[in-house]
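The values are calculated or read from the model by the stated rules, or taken from the named source; none is laboratory data. Computed from a predicted model, the values in this text were never measured in an experiment. Don't worry about glycine lacking a Cβ; one is built from the backbone with ideal geometry, like all the others, and counts go over all protein chains shown. Surface accessibility is based on the protein's heavy atoms, side chains included, excluding ligands, DNA and RNA. Shrake-Rupley method; radii C 1.70, N 1.55, O 1.52, S 1.80 Å.
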Amino acid sequence: MPAIACPQCGAPTRVSLATPDWMGCASCRYAGPPAPQVRQELLAARDVLWRGDARRRQLGWTQQRLGAGARGGPGCLLAVVVVPFASCGGFSFFASMRGDVTDVVTFVLFLGPALFALIAGLFIVREVKKTRAVVETSCVAVPPAVAGGALGCHVCGADLPQADLSRTAVVRCRYCAADNVVRTEAVSAAVAQGIRATEALMAQVQRHAVALYHLNRRSSRLLLALVLVAPTAAFITLLAITIFSPTVEPTSRYVLFETDAGPCLAELQRSADGKVTYSFGFDSPSSNRGRWIHDDDTRRPTFRAGALVGAKAHSRSRSGKVVRVERSQLLGAESAILDGQGTTPAPSDLCLDEVPDDLTAVPLP
């Protein structure tokens with residue numbers, strides 16, 4: 001905010017780039033032109049201001065709703081980010097509980113991102129609030145010199161349009177298009193600080209003209225980090241568990257069914273009430289891929305994935321000889337490693353080129 005010492009009494013007095021030929025002092029009631037040198041400084045500062053981009057003096061969409069002038073904002077955004085992860089993660093965890101060591105990993109996988117997002121989000125929200133406080137301190141409208149007077153623009157000093165301060169948090173200056181925080185608490189704090197005229201006019205105008213630009217960038221980065229923290233945490237958690245999970249011998253049971261694509265594997269699943277279902281993988285060449293087949297016959301020959309080692313197999317996207325099979329101890333997922341293939345399909349994704357002597361293919365139920 002451009003301010004100078006009154007030429008008559010020396011009190012700090014607001015001046016305006018919009019009216020460089022006139023000023024008024026609330027202390028001694030002086031009303032008239034500023035000193036010639038001050039007038040030249042005001043004109044020079046105005047020229048510098050017009051050469052800058054007006055958008056740098058304005059609050060962005062996210063700042064007005066979540067940053068300076070907003071009532072709340074970051075805390076609500078944190079809730080929007082965390083609650084869906086916590087709700088979906090909690091439901092998935094309780095639906096996937098098996099009563100063994102995989103429950104620990106399931107908890108970390110489904111609820112770990114929500115806890116990480118909450119902890120990291122609280123730190124980010126704290127930084128957002130600090131930045132918002134700096135924005136409001138740097139860009140709050142100048143309080144009127146006399147009760148009932150107009151608020152002044154923090155950049156150019158011009159009178160701001162009248163606004164209902166109980167409903168409006170930010171007012172844009174009609175002269176320089178700068179956004180001013182007019183929230184009651186911020187203006188009251190500015191009243192306590194008073195007007196200071198310790199810098200040259202040019203320095204005052206330049207400092208306030210670029211304050212929003214730098215603070216907006218910091219706030220935008222913090223808010224973006226807050227939005228991305230939960231998905232990033234979920235990805236990192238899944239990646240870490242996948243990489244560092246030890247492997248053990250496969251334990252799931254499979255049935256070899258005769259399908260339209262040849263002999264294909266389906267994983268056997270037993271529900272709590274003892275019902276049996278078979279599921280083909282989504283990458284299975286069978287037309288039944290991804291489907292669950294219910295069956296009451298529990299006498300079908302089953303086998304573990306280790307019986308596939310040495311057999312030639314193929315999925316919809318891969319083919320080769322099965323060189324080994326393994327099971328992630330933490331995730332509980334099983335995979336088959338084919339020679340010459342970088343990816344590992346699930347056993348239920350595979351169909352066999354030929355049925356090994358120790359396996360039997362049975363018709364679909």
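Restricting attention to region 40-50, the residues that are charged (D, E, K, R) and either within 35 Å of the chain's Cα centre (by Cα) or farther than 21 Å from Arg174 by Cα (or both) add up to 1. Based on what the data block shows, is Cys264 under 28 Å from Cys6 (Cα atoms) and either open to solvent by 20 Å² or more (accessible area, probe 1.4 Å) or modelled with pLDDT of 85 or more (or both)? Against the criterion (under 28 Å from Cys6 (Cα atoms) and either open to solvent by 20 Å² or more (accessible area, probe 1.4 Å) or modelled with pLDDT of 85 or more (or both)), Cys264 does not qualify. Of all residue pairs spaced 6 or more apart or on separate chains, none has beta-carbon atoms under 6 Å together with a first member in region 158-170 that is more than 16 Å from Arg57 (Cβ to Cβ) and open to solvent by 40 Å² or more (accessible area, probe 1.4 Å) and a second member that is part of a strand (DSSP E or B) and modelled with pLDDT under 85. Out of Val355, Val362, one residue alone is over 42 Å from the mean Cα position of the chain (by Cα) and in a loop (DSSP other than H, G, I, E, B). It is Val355.
Taking the criterion of being open to solvent by 70 Å² or more (accessible area, probe 1.4 Å), in a helix (DSSP H, G or I), under 18 Å from Asp179 (Cα atoms) and modelled with pLDDT of 70 or more, would at least one residue in region 28-50 satisfy it? Taking every residue of region 28-50 in turn, at least one turns out to be open to solvent by 70 Å² or more (accessible area, probe 1.4 Å), in a helix (DSSP H, G or I), under 18 Å from Asp179 (Cα atoms) and modelled with pLDDT of 70 or more. For region 274-294, a residue qualifies if it is more than 18 Å from Asp353 (Cβ to Cβ) and buried (at least 21 other Cβ atoms within 10 Å of the Cβ), and exactly one does: Tyr278. Beta carbons closer than 9 Å, at least 6 apart along the sequence or on distinct chains, pair a first residue in region 1-21 that is more than 19 Å from Arg57 (Cα to Cα) and without any contact (Cβ under 8 Å) to a residue 40 or more places away in the chain with a second that is of a type in the set (Val, Ile, Thr) and surrounded by fewer than 20 Cβ atoms within 10 Å (Cβ to Cβ) for Pro7/Val38; Ala11/Ile195; Pro20/Val38. Residues that are open to solvent by less than 60 Å² (accessible area, probe 1.4 Å) and either under 22 Å from Ala177 (Cα atoms) or among the aliphatic types (A, V, I, L, M) (or both) within region 14-27 comprise Arg14, Val15, Ser16, Leu17, Ala18, Pro20, Met23, Ala26, listed in sequence order.
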